[in-house]
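Working notes for the structure below.
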Amino acid sequence: MGHAAALIKGLGRGMTFDYEEYRIATRTTFKSIFRGKVPTLEEQENAGFLSPYPDVATLIADMDRLGYDKIVACATKMWSPYYHFDFIMDCPVADLADVVDEAAGRLIGATSYNPFRIDDSLREIEWAVRERGFKYVWFHPLSYGLAPNDRRFYPLYAKCSELQIPVGLQVGHSAEVLPSEGGRPMIVDEVAIDFPNLKLNLSHTGWPWVEEWISMLWRHPNVYGDISSYYPKGLDDRLVRFMDSSRGRDKVLFGTNSFSLERCQREFLEMDFDERTVKRVLRSNALEFLGIG
């Protein structure tokens with residue numbers, strides 16, 4: 001699972017260090033990668049960090065080389081609630097739909113949601129699902145300064161329940177300087193109860209509230225969680241133990257957030273996991289979550 005704009009060059013507005021949220025992150029959460037310096041495009045690509053492929057054919061060739069069958073690509077929207085009052089990540093759904101078509105079944109389209117434009121967002125989601133075959137919605141509540149149980153997200157949950165597609169959302173803290181208290185995984189408890197037939201994916205491990213993330217996945221049949229946005233060897237030990245246990249191996253999804261496909265796969269396979277965990281996390285759980293064969 002990853003941001004579409006970070007998968008293919010020129011596909012919408014991806015991460016750009018022109019935006020202050022990302023520039024600050026080079027001194028904080030991305031400091032180990034960029035040494036506190038705002039990178040040039042070349043330095044960003046050399047770091048292998050959200051470095052897009054030049055075209056679909058090159059992406060598919062790398063997927064074949066590494067053994068990836070399918071990848072979820074999301075037309076992500078992220079808002080700037082303080083510095084810009086505009087999208088700091090935005091991928092047009094129609095453009096992504098054309099890329100998904102070109103990939104001929106290898107990419108799974110995911111659209112997003114803007115709680116400040118509810119009617120427009122719901123129309124776009126319905127179009128993407130019914131007309132272009134998208135199978136997922138992923139959204140970023142933190143960048144809007146809203147918690148996942150805010151009333152402005154409930155139309156999204158209702159629409160996805162109606163369309164019988166799953167929803168994913170950022171939980172945990174934000175790597176960028178965005179309000180993160182709403183990222184506590186336990187806030188989704190209310191949503192999971194109100195929509196028992198809606199599958200929910202809690203992205204990015206829920207750190208630093210990892211135990212809340214574990215609790216949500218363990219207790220709710222309709223709640224899953226992905227490990228994207230962290231290289232596997234950097235995952236919290238509590239999460240690793242849960243993922244490799246009978247409590248957790250059926251509920252955790254592999255993901256990269258457009259980090260290096262090769263490094264994420266290699267580090268995951270180098271960890272001392274039960275064979276059942278490897279099969280479930282790398283493939284079976286995602287197929288079950290997305291409702292595809």
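The values are calculated or read from the model by the stated rules, or taken from the named source; none is laboratory data. What you see is a predicted model, and the numbers here were worked out from it, not measured in a lab. Ideal geometry is used to build each Cβ from the backbone, glycine not excepted, and the neighbour counts take in all protein chains shown.
Here is how the numbers come out for the structure above:
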quantity	calculated
Pair list, Cβ under 8 Å, 6 or more apart: segment 196-224 residue closer than 17 Å to Ser174 by Cα and touching a residue at least 60 places away in the same chain (Cβ under 8 Å), other residue hydroxyl-bearing (Ser, Thr, Tyr) and part of a strand (DSSP E or B)	Asn201/Tyr224
Residue list for segment 141-155, restricted to those being surrounded by fewer than 22 Cβ atoms within 10 Å (Cβ to Cβ) and closer than 18 Å to Val93 by Cβ	Pro155
Residue identified as crowded, with 17+ Cβ neighbours inside 10 Å and either of a type in the set (Gly, Ala, Ser) or touching a Leu at 6+ places or on another chain (Cβ under 9 Å) (or both) among Ile187, Ile165	Ile165
Number of positions in segment 166-183 that are in a helix (DSSP H, G or I) and closer than 21 Å to Ile125 by Cα	0
Filtered residues of segment 257-291 (kept if closer than 26 Å to Ile8 by Cα, touching a residue at least 24 places away in the same chain (Cβ under 8 Å) and over 18 Å from the mean Cα position of the chain (by Cα))	Glu267
Residues within segment 155-172 that are touching a residue at least 24 places away in the same chain (Cβ under 8 Å) and either of a type in the set (Lys, Arg) or under 17 Å from Asp119 (Cβ atoms) (or both), tallied	7
Residue identified as under 26 Å from Ile33 (Cβ atoms), at pLDDT 95 or above and more than 17 Å from the chain's Cα centre (by Cα) among Asp150, Asp194, Asp189, Asp237	Asp237
Contacts under 6 angstrom Cβ, first residue in segment 57-82 being more than 16 Å from Ala286 (Cβ to Cβ) and in contact (Cβ under 8 Å) with a residue 24 or more places away in the chain, partner of a type in the set (Val, Ile, Thr) and not in a helix (DSSP H, G or I), 6 or more apart	Ala75/Thr111; Met78/Ile88; Ser80/Ile88
Elements of type helices (runs of 4 or more DSSP H) in segment 220-293, at least 1 residues being in contact with a Lys or Arg (Cβ under 8 Å, 6 or more places away or on another chain), surrounded by 15 or more Cβ atoms within 10 Å (Cβ to Cβ) and among the acidic types (Asp, Glu)	261-270
Qualifying position, being in contact with an Asp or Glu (Cβ under 8 Å, 6 or more places away or on another chain) and over 23 Å from His140 (Cβ atoms), among Asp69, Asp62	Asp62
Scope segment 98-114; condition hydrophobic (A, V, I, L, M, F, W, C) and more than 17 Å from Phe139 (Cα to Cα); matching residues	Val99, Val100, Ala103, Ala104, Leu107
Among the residues listed as Ser215, Ser203, Ser229, the single one being among the polar types (S, T, N, Q), out of contact with any Pro (no Cβ under 9 Å at 6 or more places or on another chain) and modelled with pLDDT of 95 or more	Ser203
In segment 91-136, the residues that are buried (at least 22 other Cβ atoms within 10 Å of the Cβ) and closer than 21 Å to Arg184 by Cβ	Tyr113
Helices (runs of 4 or more DSSP H) completely within segment 12-57 that count 1 or more residues being touching a Pro at 6+ places or on another chain (Cβ under 9 Å) and surrounded by 12 or more Cβ atoms within 10 Å (Cβ to Cβ)	31-34, 41-46
Contacts under 6 angstrom Cβ, first residue in segment 124-153 being of a type in the set (Lys, Arg), partner at pLDDT 95 or above, 6 or more apart	Arg132/Ala97; Lys135/Ile108; Lys135/Ile165; Lys135/Leu290; Arg152/Pro115
